[in-house]
Structures are given as structure tokens and as C-alpha cells.
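Worksheet: the structure to be examined is printed underneath.
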Amino acid sequence: MNKTKLFLFGALLAVGMGACKEQLDVKNPNQPTPASAATEPGVIALAQGGVYVSGFKELKYYDGVPGRFWTGAMGFHELMGDIIGEEAANQYGNQIGMPDYVILDDGTRVNNPSSIPTQIALLRTVNVNANAGANPIYYEWAYMYNIINTMNSVLEISEKTTFAGDGTVPTTKKNTVQAWAYFWKGYAYSRIGSIYYAGVINNSVSVAGSTSNTYVAKEKIIDEATKNLDQAATLLSGLTQDATYNTVMNGLIADYNRVGKGAIMSPDMWKRTINTLKARNILVNTTVKAMTAAQWGQILTLTNSGVQEADNVLTGRSNANGDFFSNVDGNIAAKSTGPVGSITYKVSERLIQDFPAGDKRLANNFNQLAAPGLFNSDRGNSFNTRWQLVNKGKGMAGVVVLSNQDVGGYELYLSSTFEENELMKAEAKIYTGDVAGGLASIDAVRKYQGAGLTALSGLTADAAKEELRKERRVALAFRALSFYDARRWEVITQGRKGAVIVDKAGKVSTNATIMYNFLDYWDVPDNELAYNAAAAGSAPTKNPK
């Protein structure tokens, strides 16, 4: 075990217990001790705060422009996935999603004009501890290891806690708390293994910042994610949605998050959420051309037992205090809503071009500007746009609303959803020869979101794959899955042809080429390595690409 000054492995109990104080019964949330946490309300409070605050809100460093986890760390994904663009330079946001070059319809090649002209070189240059919070690679790592360490505390403390009640009540309470802890550890390891080239596995409480200094390959991190998710599922298999279960879940999930699709999941719903997340881990960490029949079979098995249309899932909402996130700028969609000259994230032209003709989701949520928004023309033209995301939509009945800046209005999906599950099922079917079945799943998602489109039929496998590609970008926009797709479809290395681009003069190209050349998996943050150097025998911490 190594001692490190880096705070992220020392997720303070004070942070864990600071969430939603009006709901929590904690002896001293500013100076918690094992004694204050080792009570039934204390450990439940720690389990709640360890996710919503330590995991998604509070870090040593924070910048007001990209925002916290759901806008900053996840914003990087949507920038690299070309769902949004950014001109602000904070955390290098205007460069992290900047392609190497674009070729316009007239043949003009516009290179990335930065002094560091490739994203890969940029990430290597800025990934130094001296950059502190300006290092974009730092954030997702820090948030996720906060969750892991706090959930380790929850597991350790829950073994020593006396839960009130008789008969099976104490066991139900303990197992519900521990299922929560194992699930969120699995979630955090999933995110680490899906974006970083290597990571560390910690299954004990990191006291005073102590942590393992043996780094393992990303594949081992995903294995650890699966292990924790399976442990959660095993515990859930022994639970029923009775009064005791609901009481504990009411303590684990803040009341303003327990609305809409965020209402308490039954144990079976929760297991389906786990299955969808496990399917995601297979899909997004393998390029399409490298997928095997066995892997497609695994995805089909998992998605057939994955999130269903009527299931509750894990969501987040704003409240008047902004305890979890701000209603006006606490999610990617909110930060992309409004006049294009005054918002952080700009809607990508490439997102808009992926909506099918006549799609009500486009009509209900976006306005086309009279004149294009032109931003930092020295940045390669890639985030100029003619489109504006509308707050609360335009009132079309039954059509999904992509942004809502009212307090409590936006439903932020924290993990698996029906749409993601159904589209993974569609992809597995198409790639295993059941094109008609895959198209039916795409249609199900479009119907669910109110797209108002004619059902797909009679398409070739290649045409079906293209419909699937576009639908994942459209249906899952602003949910931080786009970069995973661009990586596994090799768009980040092979580029995109037939792209719509608005140049610095406002001229629109409709058949342009974009060469992204993005790093597929990030190096371990130097913010970690500077204090926790890799031990002998560790896996490489730097992507060789």
C-alpha cells in the first residue's frame, strides 16, 4: 500500500455525509467519525452522499465553465463524440473535441490551428500534475475513485452496524445498503475501464489517502466492474420490494430524485439495470470489427433481461437548492440550451444531420437560426452551428423533450435506460443476421420517444447498421455515450465523410470530411501518478498510441 497526498482516494466522510442534510440523521456531518457513521441512519447517509456528492459533485478542483461531473467530465465525452462543440478554453474544452483537420466541399483543408495541432499531443502535453484542475483527464478518474472509496467505507461500516428490527428486517436493510454499494462500485469501475488505459483496484477503505500502487489493464478493471455488479445482483436476488426495502431505498435516494422514472426500482428492475450496464461494458470496449459471435450472444442474453420500457431506473433531478445539480446548467442539455452566443456547449451540425427526415424529435427540440453562429474561427470551424436547443420543447404531444431548465424539470439518466438497452439489442440482432428484429427494436425506441416515423422494413444489413448508428446518436444524445460509439465504430481514427460543416464565413458544406484522430483510451492522470507511482509489475499507464 502506498501513501498518497492525492485527495481522490481519501473521499472524506464529511463529503459523503454532506448531501441533503435535511434528510439525513448524522451526528456531525462536518467531522464524522466511524462511530457517527456506524449507525443505521449514518451508514445510509454515507451511502447516499458517497454517490450524489462525493461521486458526482465535490472534488478538490472545480471550474465553473465546464461544470461538475454531469457537465464537465461527461461533457468531454460529448465533445469527442461530436454531439456538442465548445469555444471556451477552460480545461481545454475548445481543443479536446477539435479534429486534426476538415476538408470542405470546395476541397479546402482546414487544419487544427492550435500550437498543439492534434488531440493526442494535447492530452499528453496537459496531463501533468502541475496543471492541477486544468488537466481534463483528471476529472472522471477522481469522481469515480471517490465513489469506490466511499462505497468501500459503506461496506466495511455496514458489517459493524446494528440495523433495527426483528426477523429478516435487519438483514434486508443491510443487504439493500450493500447492494447499493456494490452496484456503484461496479458502475465506477465500468467508467474507469471504459475511458482509461489502466487503473487500480481498491477493495478496502483508503485511510489517509493510502491506495494500491499496482496498476492493472483496463480489461481487468472491467472484470472488477463485473464482479461488483454480480455481487449486487446476488444480494438483490434475495430481496423483495417490501416496506423495509422501500424505507432503505428512500434513505439512499434523495426525495427529489424519486420521481418519474426515478421512482424506487424493485430488486428485479435493479437487476435489469445491471444487465444493461454489463452489456454496455462489452459493447463499448470492443471495436465493431473485433466483436465475436460469442460477444454478440452475450449482449443479446443480457439485453433480453435488461431494462424494460416500464422500468424505473436511476435518475437525478435538480431542486431549488441545487443539492445535486443546478437546473439551469447542471446537465449537458441545459448547458446547450439558449442563444448560441451565450451558452457553453453548441449543438453539433453532425448531430442534427443524423435525425431522419420528418423526425418530430428534431422539430420539437431545435430551432434553426436565421444566420449561423460563428465561434473562434481560428479553431477549425468544427463547432460553428445553425441550430439551437429549445428549453422545454415546443409542446408536441408525446414527443421527448431534450432540455428543461425548470427546477426538477429535467430527468438526468445516471445509468442504464430502456432506449440504450433496446438499441444494444438491435445492434446485436443486426450483426447476427436478424435484421428485421433489429429494425423492430429501433422502431420501438423511436415510438417510445415520439419520433413519429414510419416503421423500418426491407433494409439491407448495411442500411440497417446505418440506421442504428444514427439512432444511437439521436436517441441517446446528451447522455455521454457518443464517444464510446465513435471509438468502437473507428470514427475517431478513420474520420467521417459526408459531414455537414459551417465554415468561418458561414458557408455550409454538406459533403465535408472530418478527420478526428482522437486518443481511444486516456492515460492515467499524472495527478495520480505524481503521488502514487506505479509499482513494479504494473500494467502500462500510458496508451502506446
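Summary table
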quantity: Ordering of 502-513, 340-351, 245-256 by burial proxy (mean other Cβ atoms within 10 Å per residue, highest first); calculated: 340-351, 245-256, 502-513
quantity: Acute angle (nearest 10 degrees) that the helix 418-431 long axis makes with the longest principal axis of the chain, alpha-carbon atoms; calculated: 60 degrees
quantity: Debye, to nearest 20: dipole size of the chain, +1 on Lys, Arg Cβ, -1 on Asp, Glu Cβ; calculated: 340 debye
quantity: Mean residue ellipticity (222 nm) of the chain, computed from DSSP H runs ≥ 4 via -39,500 (n - 2.57), nearest 500; calculated: -12000 deg cm²/dmol
quantity: Relative packing of peptides 296-304, 193-201 - highest average C-beta neighbours within 10 Å first; calculated: 193-201, 296-304
quantity: Calculated Cα Rg over 2.2 N^0.38 Å (choose from (i) 0.94; (ii) 1.15; (iii) 1.03), label; calculated: (i)
quantity: The chain: angle of helix 218-237 to the longest principal axis, Cα-based, in degrees nearest 10; calculated: 60 degrees
quantity: Between 0 and 90°, nearest 10: helix 40-52 axis offset from the chain longest Cα axis; calculated: 20 degrees
quantity: Tally of Lys pairs whose C-alpha atoms are under 16 Å apart, taken over the stretch 132-243, 8 or more apart or cross-chain; calculated: 6
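Only the coordinates and a few stated rules stand behind these numbers; no lab work does. Because the structure is predicted, anything quoted here is derived from the model rather than measured. Virtual Cβ from ideal backbone geometry, glycine too; neighbours counted across all protein chains shown.
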